[in-house]
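The values are calculated or read from the model by the stated rules, or taken from the named source; none is laboratory data. Everything quoted here is computed from the prediction, not taken from an experiment. Counting neighbours? That spans all protein chains shown, and the Cβs are built from the backbone with ideal geometry, glycine included. Keep in mind that these areas ignore ligands, DNA and RNA; they rest on the heavy atoms of the full protein, side chains included. Shrake-Rupley method; radii C 1.70, N 1.55, O 1.52, S 1.80 Å.
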Amino acid sequence: MRHLLRLGFIAFTVLRFGLDELALSSFKHRWLRALARVVAIGRRLDAPRGERLRLALERLGPIFVKFGQVLSTRRDLLPLDVADELAKLQDRVPPFPASQAAALVEQAFGRPLLAVFASFEREPVASASIAQVHFAVLQDGREVAVKVLRPGMLVAIENDLILLRKLAAWVERGSLDGKRLKPREVVAEFDKYLHDELDLVREAANAAQLRRNMEGLRLVMVPEMIWDLCTPGVIVMERMKGVPISHVQRLRAAGVDIPKLARDGVTIFFTQVFRDGFFHADMHPGNIQVSLEPATFGRYISLDFGIIGTLTESDKDYLAQNFIAFFRRDYKRVAELHLESGWVPKGTRVDELEGAVRACCEPYFDRPLKEISLGQVLLRLFQTSRRFNVEIQPQLVLLQKTLLNIEGLGRQLDPELDLWSTAKPFLERWMNQQIGWRGLAERLRAEAPRYAKLLPELPRLLHDALQARVDERAASSAHEAHWAALVAEQRRTNRLLQGIVFAGLGFLLGLLAAQLWQQWRF
């Protein structure tokens with residue numbers, strides 16, 4: 001009953017904010033357009049369509065807000081008025097009361113607010129779908145940011161995820177593409193990352209790992225966590241001072257090299273993915289700032305580490321080979337990689353898949369980013385994948401989402417940026433490091449602690465191995481001697497048995513001869 005009520009609430013919200021007009025009116029089928037007109041009878045919608053969509057997503061809850069955040073970066077796919085409104089979901093979701101936030105902080109630390117902080121700003125500086133952030137100053141004078149989890153989040157997310165699981169099951173059973181798209185596995189992945197985002201200690205650990213990984217790159221800054229003040233519901237971190245990356249005119253006026261900033265974003269993304277296999281998977285503009293401090297001028301500032309993507313070594317190798325094959329326009333290799341990975345059925349013809357991939361990608365090369373829509377490329381690849389029964393890989397869903405975020409950021413910063421040519425040298429260098437002498441040296445260095453422990457034991461291990469070989473040979477010799485004795489004894493036994501048999505036969509023949517002689521005499 002609770003789920004039916006939630007479905008009813010979703011349908012009511014769609015109708016109340018006029019979202020049915022945005023959806024049904026875009027279809028070519030006349031009966032759908034007629035349905036949209038019937039539903040709209042007697043309804044007055046004064047607010048602009050973008051505002052109505054944003055308000056509806058906020059009303060429907062955190063999962064829908066997350067969806068709106070992803071959409072907000074795709075200005076090539078959305079009208080500008082809608083994209084501008086959805087951009088407000090990134091850090092301007094309506095906050096919960098400051099008194100409630102203060103109470104949650106005191107409950108988390110078990111102390112009054114002023115016993116922990118010298119000052120605490122009641123007005124939140126940012127309010128997102130999962131948590132909101134307040135600035136504060138510690139007793140020792142350090143400026144910090146306090147992130148507080150929204151109350152009641154777990155119950156709200158669980159209810160929506162139950163509906164998503166049921167919807168995914170219906171799609172998988174009733175759709176021709178259901179099994180190939182693996183909707184239930186995709187929902188399971190979404191479930192995992194949403195629950196990870198609800199544990200702020202996990203987010204703090206993600207930030208610490210990303211900070212270590214990016215320390216030597218000197219292109220991006222990650223706040224330091226105050227571990228003594230980190231709990232599952234509240235975390236405290238170093239305060240970062242920067243300008244939101246969406247404020248391009250302000251950055252340009254401050255002297256930031258915008259084209260370099262765009263290239264640095266691509267470098268950061270591919271470094272996190274292919275070098276570390278550990279990447280920020282929620283890179284919408286609300287989570288990215290740029291430092292204007294003299295010592296760190298022009299560097300990225302990453303925020304909000306609740307969603308982190310990870311890739312295995314085999315995932316990284318497969319993806320890198322695919323990217324390089326795309327950049328080199330080696331579509332045959334792309335087709336072969338899909339077959340080798342098992343993404344397409346074994347009976348698929350390589351030449352047919354090669355031709356389909358070429359038709360998808362070839363028109364988009366050698367163009368600036370402003371003329372390339374990765375969304376359109378993915379749409380054509382999706383149509384191709386349906387033809388060849390390509391299986392969607394749930395573990396790569398976050399990577400696909402982040403790649404779309406990167407495209408949206410690049411489009412905002414520098415429409416002339418060529419994503420392909422910017423990424424190609426990096427990937428080729430990474431592959432050379434993996435398969436060349438440098439890669440071998442890196443792997444040897446990684447195994448050095450194990451070798452250091454093994455080398456002092458090597459003489460003893462070698463002696464034990466040789467002694468085991470000697471013992472084996474001695475045992476083998478003893479076994480052979482024993483076997484020879486058994487064979488000799490068996491031969492003696494065989495000769496004795498033969499003698500007994502022959503003696504018995506001779507005795508029987510003698511009796512038979514004596515009987516015949518006796519009968520002949522008489």
Any residue at all in the stretch 386-394 that is part of a helix (DSSP H, G or I), modelled with pLDDT under 70 and surrounded by 12 or more Cβ atoms within 10 Å (Cβ to Cβ)?
yes
Does any residue of the stretch 368-379 turn out to be within 26 Å of Glu197 (Cα to Cα) and at pLDDT below 80?
no
Being open to solvent by less than 20 Å² (accessible area, probe 1.4 Å), farther than 30 Å from Gly141 by Cα, at pLDDT 60 or above and of a type outside the set (S, T, N, Q) is the requirement here; does Val82 meet it?
yes
Of the residues that sit in the stretch 173-195 and are open to solvent by less than 40 Å² (accessible area, probe 1.4 Å) and not in a loop (DSSP other than H, G, I, E, B), which one is modelled with the highest pLDDT?
Asp191
Any pair with Cβ under 7 angstrom, 6 or more apart, that starts in the stretch 59-85 at a residue that is over 19 Å from Ser129 (Cα atoms) and assigned to a loop (DSSP other than H, G, I, E, B) and ends at one that is basic (Lys, Arg) and modelled with pLDDT under 65:
none
Looking only at the stretch 312-350, which residues are assigned to a loop (DSSP other than H, G, I, E, B) and on the phi < 0 side of the Ramachandran plot?
Thr312, Arg328, Asp330, Trp343, Val344, Pro345, Lys346, Gly347, Thr348, Arg349
Ser99 versus (1) over 29 Å from the mean Cα position of the chain (by Cα); (2) under 20 Å from Val14 (Cα atoms); (3) at pLDDT 75 or above; (4) surrounded by fewer than 19 Cβ atoms within 10 Å (Cβ to Cβ): which is the lone unmet condition?
(2)
So which residues in the stretch 408-421 are at pLDDT 75 or above and surrounded by fewer than 20 Cβ atoms within 10 Å (Cβ to Cβ), if there are any at all?
Gln412, Pro415, Glu416
Scan Ser119, Ser72 and give me the residue that is at pLDDT below 70 and of a type in the set (Gly, Ala, Ser).
Ser72
Condition first: in contact with a Phe, Trp or Tyr (Cβ under 9 Å, 6 or more places away or on another chain) and without any contact (Cβ under 8 Å) to a residue 60 or more places away in the chain. Now tell me which residues in the stretch 102-118 satisfy that.
Ala102, Leu113, Leu114, Ala115
